[in-house]
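The values are calculated or read from the model by the stated rules, or taken from the named source; none is laboratory data. As the structure is a computational prediction, the values presented were derived from the model and not from experiment. A quick note on method: Cβ atoms are made from the backbone with ideal geometry, for glycine too, and the neighbour counts reach across all protein chains shown. SASA here: full protein model, heavy atoms, side chains in, ligands and nucleic acids out. Shrake-Rupley method; radii C 1.70, N 1.55, O 1.52, S 1.80 Å.
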Amino acid sequence: MEDRQTQLRKGALELAVLAILRGGERYGAEIVDVLASLPGLDAAAGTVYPVLGRLNRSKLVDTSWRESPYGPPRKYYRLSRAGHGQLERHIVAWRQLVQAMESVLASPGDADTVGERP
Amino acid sequence: MTGHETSERRGRMHQNNLIDSYVDDVDAHLRLPRRSRLQALADLRAGLRAAALDLGAEEAVHTFGPAASTAERLASEYADPFHRPWLPFGLSPRSLGARARAAMDPAGPWFVPRVVGIGWDLNLGRLARAVGLLGFDDLDDEVARAIPHDAWRWAFVAVSVPAGLAAAVAASGVAAMPLAPAHWPLLGPADRWAPPDVAFAPVLVFAAVGEALAVVAVWRHADLPVRLALAGFGSIAAVLALGTAVTTRWLARAPGGLSLATLSVAALGAASLVGAVVRSGRTRVRVR
């Protein structure tokens, strides 16, 4: 059961990271902090950084190093043009999925009533 | 048996043949571990039979689509991301890069399937992060480009010194010892002795492997995690060679458990080496 929930969250995490970067560039620990403050996502550094790495490899985010006031330079992430497009598509797909699932979960179990509008 | 029953039975056999042949086609395209593959194919067969009751086998097979697409769908549906083989092994050159990257992943687990062979390797990236020598996202192309070639040369020296010392100690042992210790129990002194060239052979093998890995790390321009993994494991092999040489030459009475201490020193040394190489790039990376 735990594995299934992890899988559910994993699918959402990429969209969450892209959405956070829509507001402007951020460094890794900042993104982790934002996600870790949302208990439903159960995101820790060990899960967020691999997602950032994947997004970077697929050119959905760009990175740059910047001086930090507290130590060594930090790597900042920002959405690339492809990342913006991907985010928009993800949002549409996510909303459709949520709507469909809400409809399925709200129905009393009779297949004929799923998708019916009141 | 009436003619009607016979023709019904033939019809059922024909339907089953169609379904079996489709499942075989899917199987030919399906890339899954054995257990998941068998489950996926059993479910597919059951699904097709159920659909065939409503639609007939031909239409059911048609509805399920081309075998290759069905195999692709099943592969993603039945792939278990949490599946860990009981004892991982890898010898395929195709997986070497991926395994080396996993062994140098600061965000990965502590132990990962061995780069070459059976079992698990320590994830050096995880260790380097745990001791504060590496950040989660330090290993990128910009850092790789910023690492000066001198840093790689120093890494080579850092591997070559213990490897060279190990070879020298082994050579002196072979020249001076009539018999050398060849095996230790965990908690006691050496319990088996052998001619020195036999006893020191593992030292030379470790030293040679360490040197070879370091050479590839320094002069082959693979991506950064792979180069670091090569340098790191080269360093571990060289330090193990030195530890084994010193133990074989002078510490026959020491307990075999000492090798665990050598292994810990070797792992920390490798993590420090990797951290130093990455730091040399991180301090030079173009900051905006």
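Can you pull out the residues in the stretch B:95-149 that are polar (S, T, N, Q) and in the same structural domain as B:Ala214 (by TED's automatic domain parsing)? Break it down into steps so the answer makes sense when it comes.
Here is the first cut: in the stretch B:95-149, the residues polar (S, T, N, Q) are B:95, B:123.
Result: no residue meets the conditions.
Of all helices (runs of 4 or more DSSP H) completely enclosed by the stretch A:20-118, which ones contain at least 1 residues that are more than 14 Å from every other protein chain (Cβ to nearest Cβ), loosely packed, with under 12 Cβ neighbours inside 10 Å and modelled with pLDDT of 90 or more?
On the way: elements: A:28-36, A:45-57, A:81-106.
Helices (runs of 4 or more DSSP H) meeting the threshold: A:81-106.
Residues of the stretch A:14-26 include at least one that is of a type outside the set (A, V, I, L, M) and touching a Phe, Trp or Tyr at 6+ places or on another chain (Cβ under 9 Å).
Got a sec? Which of B:Ala222, B:Ala245, B:Ala231 is open to solvent by less than 40 Å² (accessible area, probe 1.4 Å), in a loop (DSSP other than H, G, I, E, B) and away from every other protein chain (no Cβ under 14 Å)? Walk me through it before giving the result.
Details: B:Ala245 fails: in a loop (DSSP other than H, G, I, E, B); B:Ala231 fails: in a loop (DSSP other than H, G, I, E, B).
Result of the check over B:Ala222, B:Ala245, B:Ala231: B:Ala222.
List the number of the failed condition for B:Pro255; all other conditions in (1) over 21 Å from the mean Cα position of the chain (by Cα); (2) exposed (fewer than 15 other Cβ atoms within 10 Å of the Cβ); (3) more than 14 Å from chain A (Cβ to nearest Cβ) hold. Exception for B:Pro255: condition (2).
Do we have any residue at all in the stretch B:272-282 that's in contact with a helix residue (DSSP H, G or I) (Cβ under 9 Å, 6 or more places away or on another chain), at pLDDT below 90 and more than 14 Å from chain A (Cβ to nearest Cβ)? For the stretch B:272-282, residues in contact with a helix residue (DSSP H, G or I) (Cβ under 9 Å, 6 or more places away or on another chain), at pLDDT below 90 and more than 14 Å from chain A (Cβ to nearest Cβ): absent. For B:Leu134, the criteria (1) away from chain A (no Cβ under 13 Å); (2) touching a residue at least 60 places away in the same chain (Cβ under 8 Å) hold in every case but one, which is (1). Got a number for residues in the stretch B:173-212 being touching a helix residue (DSSP H, G or I) at 6+ places or on another chain (Cβ under 7 Å) and part of a strand (DSSP E or B)? Summing the residues that are touching a helix residue (DSSP H, G or I) at 6+ places or on another chain (Cβ under 7 Å) and part of a strand (DSSP E or B) in the stretch B:173-212 gives 3.
When we screen B:Pro81, B:Pro85 for residues that are modelled with pLDDT under 80, in contact with a strand residue (DSSP E or B) (Cβ under 9 Å, 6 or more places away or on another chain) and not hydrophobic (A, V, I, L, M, F, W, C), the only hit is B:Pro85.
Within the stretch B:20-48, which residues are under 24 Å from the mean Cα position of the chain (by Cα) and open to solvent by 20 Å² or more (accessible area, probe 1.4 Å)?
Going residue by residue through the stretch B:20-48, those that are under 24 Å from the mean Cα position of the chain (by Cα) are B:30-37.
Listed by number, the residues that qualify are B:Arg31, B:Leu32, B:Pro33, B:Arg34, B:Arg35, B:Ser36, B:Arg37.
Out of B:Ala68, B:Ala107, report the one residue that is at pLDDT 85 or above, more than 14 Å from the chain's Cα centre (by Cα) and within 13 Å of chain A (Cβ to nearest Cβ). From the options B:Ala68, B:Ala107, the qualifying one is B:Ala107.
Among all residues of the stretch B:121-138, there is none that is closer than 19 Å to B:Trp219 by Cβ, among the hydrophobic types (A, V, I, L, M, F, W, C) and open to solvent by 40 Å² or more (accessible area, probe 1.4 Å).
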